[in-house]
Protein chains: 2
Amino acid sequence: MLDVIAFDADDTLWHNETLYSKTQSRFRDLLARYEQADWSEQALYETEMRNLRFYGYGIKSFGLSMIETAIKLTGGRIQARDIQAIIDLIKEMLQAPVQLLDHVEDIIPALAADHTLMLITKGDLLDQEAKIARSDLGPYFAHVEIVPDKNAEVYRSILDRHGIRPERFLMVGNSLRSDILPVIAVGGQAVHVPYHLTWAHETVSEQNPASGSYVVLEHLGQLPATIGKLQGEAP
Amino acid sequence: MLDVIAFDADDTLWHNETLYSKTQSRFRDLLARYEQADWSEQALYETEMRNLRFYGYGIKSFGLSMIETAIKLTGGRIQARDIQAIIDLIKEMLQAPVQLLDHVEDIIPALAADHTLMLITKGDLLDQEAKIARSDLGPYFAHVEIVPDKNAEVYRSILDRHGIRPERFLMVGNSLRSDILPVIAVGGQAVHVPYHLTWAHETVSEQNPASGSYVVLEHLGQLPATIGKLQGEAP
């Protein structure tokens with residue numbers, strides 16, 4: 001039996017990585033105007049990883065890392081107007097409409113009728129709250145947890161705080177690294193619904209835990225039947 | 001009687017505005033090298049206020065607004081190396097040691113022995129959690145709430161979630177706008193301990209609520225006696 005079904009938000013309930021991907025492509029176009037600006041996605045990713053411990057996750061962090069990468073890749077030749085263009089990209093991202101993934105509009109209200117739902121997302125506080133508000137899904141979630149990172153310690157603390165037994169907790173998300181492996185590590189159940197794009201930082205090596213310890217679905221439309229099976233009901 | 005005593009963090013438990021103030025002064029020095037860069041604190045403040053609904057509070061938001069202001073005030077002449085210098089200022093701020101205010105080290109452990117303490121702070125999730133960790137005060141607080149903004153609605157939601165009756169809730173903080181007025185508005189008690197610097201955004205007009213509805217102290221060393229009085233004990 002399940003007491004709580006928790007969902008990741010970005011790339012699980014709504015599109016997110018596509019927004020970063022589109023912005024990166026405009027960033028590349030902007031840098032292409034500088035001769036010898038040796039663009040590589042790897043350079044931006046390395047800046048992001050170097051800055052992660054200072055900035056944490058989210059769009060503002062991404063923006064500051066884009067500016068730093070642009071200065072580096074152009075050898076300091078980037079014009080102020082192009083830095084402003086990067087700031088404008090960031091503001092666009094922060095105002096982008098929330099686009100729900102397929103099936104979300106149907107399954108979330110349906111599951112909320114019978115289960116306690118929780119939203120667990122990492123990133124920027126204001127941005128995540130704004131997206132939850134724009135998604136119109138807020139009222140279906142009994143609890144919303146916005147955390148700086150999603151690791152076993154964080155999940156354990158959430159379960160403790162809400163008095164949830166791990167074996168009666170199910171996490172649904174697109175990231176093996178953030179949504180699945182740490183939940184299994186604390187004794188919870190997990191359903192992996194991969195998104196078609198994965199940020200390099202969220203990828204994990206092929207060394208997954210023992211097979212059978214989590215369920216992989218193609219899309220969220222398959223979730224209600226899976227939950228029925230997990231609860232031992234007829235599918 | 002009081003069930004919960006809640007504290008603001010920045011400029012209530014540790015110095016914060018001095019850090020912003022020092023950074024602004026280095027930002028001014030940096031811009032002074034550009035002829036006709038018509039520096040005014042007002043310009044940066046206006047950029048921050050314009051960006052608040054996108055960025056929210058915190059150091060990364062401040063940094064993005066400094067970069068935008070620098071581009072504007074130099075008419076786009078600012079060099080990339082000076083933008084990088086602004087990014088470096090931001091990273092310094094994010095790593096700055098936490099300096100506790102006078103009396104904090106004594107009164108927080110003493111109050112925690114007899115009361116349930118809560119920390120309610122706004123700003124950037126990762127940065128605030130890092131400061132709480134660096135302050136070594138975390139273990140004294142039963143609950144930590146990091147919120148995007150501090151208004152009556154937010155306080156009401158915190159009280160509801162924790163099942164706290166407003167009249168048995170005391171908030172202690174340096175900002176009339178964020179720590180005192182909204183708490184009084186929801187029926188709570190409040191102690192104002194002004195800090196020697198106040199960010200323009202946190203100032204309120206002289207129109208305070210009816211006198212006597214909150215207590216003003218000179219420093220936190222006076223808090224235990226005030227709490228004794230509020231609880232009807234001999235001071």
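Taken about its Cα centre, region B:1-109 carries a charge dipole of roughly 760 debye when the Cβ of each Lys and Arg holds +1 and the Cβ of each Asp and Glu holds -1. For the chain pair B and A, the buried solvent-accessible surface (1.4 Å probe, both sides summed) amounts to about 2800 Å².
Here is what passes the span test in chain A: the DSSP H helices with alpha carbon length of 18 Å or more along the helix axis and a Kyte-Doolittle mean of -1.0 or above are A:17-32, A:59-73, A:80-95.
May I ask for log10 I(q)/I(0) of region A:43-116 at q = 0.12, 0.14, 0.25, 0.28 Å⁻¹, from a Debye sum over the Cα atoms as equal point scatterers with solvent left out? Log-scaled intensity ratios, in q order: -0.51, -0.61, -1.10, -1.22. The contact residues of region A:142-189, meaning those that lose at least 40 Å² of 1.4 Å-probe accessible area when all protein chains sit together rather than their chain alone, are A:PRO148. Counting only the Cα atoms, region A:94-235 fills a convex hull of 126 Å³ per residue. Just to be sure I understand: with springs between alpha-carbon atoms less than 10 Å apart, which residue in B:ALA70, B:ALA43, B:ALA190 has the highest mean-square fluctuation in the Gaussian network model of chain B? The residue with the greatest mean-square fluctuation here is B:ALA43. Under the convention that each Lys and Arg Cβ holds +1 and each Asp and Glu Cβ holds -1, the size of the dipole of the protein assembly as shown around its Cα centre is about 580 debye.
The fraction of all Cα pairs in region B:93-144 landing in successive 5 Å bins from 0 to the largest distance is 4, 19, 29, 26, 15, 6, 1, given as whole percents.
Within the same chain, lysines fewer than 8 places from A:LYS22 are excluded, and of the rest, those with a Cα less than 30 Å from its Cα are A:LYS60, A:LYS72, A:LYS91, A:LYS122, A:LYS131, A:LYS150, B:LYS60, B:LYS72, B:LYS91.
If you place +1 on the Cβ of every Lys and Arg, -1 on the Cβ of every Asp and Glu, and leave all else neutral, what size is the dipole of region B:80-235 about its Cα centre, to the nearest 20 Debye?
340
Interface burial in region A:58-93 reaches 40 Å² or more for A:LYS60, A:LEU64, A:GLU68, A:ILE71, A:ALA80, A:GLN84, A:ILE87, A:LYS91, comparing the full protein assembly with the chain by itself; accessible area from heavy atoms with a 1.4 Å probe. Helical runs (DSSP H, four residues minimum) scored at -39500 (n - 2.57) apiece and divided by the length of the protein assembly as shown put the mean residue ellipticity at 222 nm at -14500 deg cm²/dmol.
Provide the net charge surrounding A:TYR140, with neighbours chosen by a C-beta distance below 13 Å and charges set as Lys +1, Arg +1, Asp -1, Glu -1. Counting the neighbours of A:TYR140, the net charge comes to -4. Over all orientations, region B:1-99 has a Cα convex hull whose mean projected area works out to 8.0 square nanometres.
Considered as an equivalent ellipsoid built on the Cα gyration tensor, region B:4-49 has semi-axes of 31, 12, 5 Å, the largest given first. Taking every protein chain into account, the 1.4 Å probe leaves A:ARG28 with about 90 Å² of accessible area, to the nearest ten.
Only protein heavy atoms count here; on that basis, with a 1.4 Å probe, A:PHE54 has an accessible area of about 30 Å².
At 7 angstrom along the Cα-to-beta-carbon line, where would the label on B:GLU218 sit relative to the other copies? Give the distances in nm, shortest first. Spacings between copies for this position, smallest first, are 7.4 nm.
When the accessible area of the protein assembly as shown is computed with all protein chains present and a 1.4 Å probe, what percentage of it is carbon and sulfur? Reported share for carbon and sulfur atoms: 48 percent. Reported to the nearest whole Å, the Cα centre-to-centre distance from region B:121-189 to region B:40-66 is 23. The residue among A:PHE27, A:LEU117, A:GLY58 whose Cα reaches farthest toward the positive pole of the charge dipole of region A:1-122, with charges on the beta-carbon of Lys, Arg, Asp and Glu, is A:PHE27. Ordering A:LEU73, A:LEU94, A:ASN16 by Cα displacement along the dipole of region A:13-109 toward the positive end leaves A:LEU73 in first place; charges were set at the Cβ atoms of Lys, Arg (+1) and Asp, Glu (-1). Kirkwood radius, region A:19-160, all distinct C-alpha pairs, inverse of mean reciprocal distance: 17.3 Å. On a per residue basis, region A:144-189 carries 40 Å² of accessible surface, using protein heavy atoms and a 1.4 Å probe. Sorted from shortest to longest, the distances between the B:LYS91 label points of this copy and the other copies are 2.6 nm, with each point 7 Å from Cα along the line through the beta carbon. For the protein assembly as shown, what does the alpha-carbon gyration tensor say about shape, rounded, prolate or oblate, given a ≥ b ≥ c as the root eigenvalues, a/c under 1.5 as rounded, and a/b over b/c as prolate? Here the protein assembly as shown falls in the oblate category. Scaled against 2.2 N^0.38 Å for its residue count N, the alpha carbon radius of gyration of region B:116-182 is 1.10.
Note on B:GLU48: accessible area is roughly 20 Å² with a 1.4 Å probe, heavy atoms of protein only.
The values are calculated or read from the model by the stated rules, or taken from the named source; none is laboratory data. Note that the structure is a prediction, hence the values are computed from the model and not measured. Ideal geometry is used to build each Cβ from the backbone, glycine not excepted, and the neighbour counts take in all protein chains shown. Quick note on the areas: whole protein, heavy atoms, side chains included, nothing else; ligands and nucleic acids left out. Shrake-Rupley method; radii C 1.70, N 1.55, O 1.52, S 1.80 Å.
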